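Student: Please read through the structure below; I'll follow up with questions.
The values are calculated or read from the model by the stated rules, or taken from the named source; none is laboratory data. Only a predicted model underlies this, so the values are computations on that prediction, with no experimental measurement involved. Don't worry about glycine lacking a Cβ; one is built from the backbone with ideal geometry, like all the others, and counts go over all protein chains shown. Note: areas computed on protein heavy atoms with side chains; ligands, DNA, RNA excluded. Shrake-Rupley method; radii C 1.70, N 1.55, O 1.52, S 1.80 Å.
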Amino acid sequence: NGRDLSESPNVRYYLQSSSPHGANSGTGICAQERNPLKPDPFLRALLVALDKWVSTNMPPPDSRVPRAQDGTLVQPLPQERAGFPYIPSVAYNGVLHTGDLFDFGARFAQGILDKLPPVLLAKSYPALVPKTDRDGNEIAGVRMPEIAVPVATYTGWNLRAGGDGDGCDSAGMWIAFPATEADRIAKGDPRLSIKERYATHQAYVDSVKATANSLRDQRFLIQEDVDRYIAAAQASNIGN
């Protein structure tokens, strides 16, 4: 019905913002480059938090997921409601992979199907999507450095190349920001360019460092991965 569910005190829920079902690169069978964002650093930190919860009774971080109540979980259409920008060459149709509700008989829970074909009870469960910021990156959840200090739009959805609007399952999108303001204007891209965001390379490195350290303090990154993020930012050419 679109309302947020209450949460058990011994359960936590987290969304790694703008992550795909499975990280990948290249277009494959999809219309756009696939999302390469991996969950490994995030999961390492959560494993440490889980261990401390069990072994020392230290509670893990509070849940971080989109919620209808605070407006970070919304209907996918119209596009403006979802917050997703109008990026040139990127189609947005709000397609959802939803399930119909069927009655297979009274013994379905025991694995016995008494009604075949099943009786259709209702069409499509209500489905909401995470609201995005002006870059197309999700607002709620845990925003890793790739999302908090972005050089691209990361999504959890993609469309199939030549698929007449069909979803490209399990793949998200990676859509690079324009390099300069002139490039952005020429393309009609509403997202700020790399150079407009990070005037210098050090400005980019400093932003990544601050974000990674903050995530460590919130227990969503371990120090080893903080160091990796900072080293990768220093080795990049962002802002040069």
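Student: Kindly indicate which of Leu43, Leu5 is out of contact with any Lys or Arg (no Cβ under 9 Å at 6 or more places or on another chain) and in a loop (DSSP other than H, G, I, E, B).
Tutor: Leu5
Student: Show the residue pairs meeting these rules: Cβ distance below 9 Å; 6+ apart or different chains; first residue within segment 171-183 and modelled with pLDDT of 95 or more and in a strand (DSSP E or B); second residue charged (D, E, K, R) and surrounded by fewer than 20 Cβ atoms within 10 Å (Cβ to Cβ).
Tutor: Met173/Glu33; Trp174/Glu33; Ile175/Glu33; Ala176/Glu33
Student: I need the strands (runs of 3 or more DSSP E) fully contained in segment 88-160, keeping only those with at least 2 residues that are of a type in the set (S, T, N, Q) and in contact (Cβ under 8 Å) with a residue 12 or more places away in the chain.
Tutor: 152-155
Student: Next question. Say we look at segment 70-99 and pick out the residues that are hydroxyl-bearing (Ser, Thr, Tyr) and out of contact with any helix residue (DSSP H, G or I) (no Cβ under 8 Å at 6 or more places or on another chain); which of these is farthest from Lys187 (Cα to Cα)?
Tutor: Out of the qualifying residues, it is Thr98.
Student: Hey, can you tell me all the residues within segment 193-212 that are open to solvent by 50 Å² or more (accessible area, probe 1.4 Å) and either over 28 Å from Asp225 (Cα atoms) or β-branched (Val, Ile, Thr) (or both)?
Tutor: The answer is Thr200, and nothing else.
Student: Next up: Can you pull out the residues in segment 6-47 that are within 28 Å of Ala171 (Cβ to Cβ), open to solvent by 80 Å² or more (accessible area, probe 1.4 Å) and without any contact (Cβ under 8 Å) to a residue 40 or more places away in the chain?
Tutor: Scanning segment 6-47 gives Lys38, Leu43, Leu47.
Student: What's the number of the only condition in (1) modelled with pLDDT of 95 or more; (2) in contact with a helix residue (DSSP H, G or I) (Cβ under 6 Å, 6 or more places away or on another chain) that Arg197 fails to meet?
Tutor: Of the numbered conditions (1) modelled with pLDDT of 95 or more; (2) in contact with a helix residue (DSSP H, G or I) (Cβ under 6 Å, 6 or more places away or on another chain), the odd one out for Arg197 is (2).
Student: Consider segment 143-192. How many of its residues are of a type in the set (S, T, N, Q) and touching a Phe, Trp or Tyr at 6+ places or on another chain (Cβ under 6 Å)?
Tutor: 0
Student: Mind checking which pairs have a first residue in segment 48-59 that is on the phi > 0 side of the Ramachandran plot and a second that is not in a helix (DSSP H, G or I), Cβ under 8 Å, 6 or more apart or different chains?
Tutor: Close Cβ pairs (under 8 Å, with a partner that is not in a helix (DSSP H, G or I)) do not exist here.
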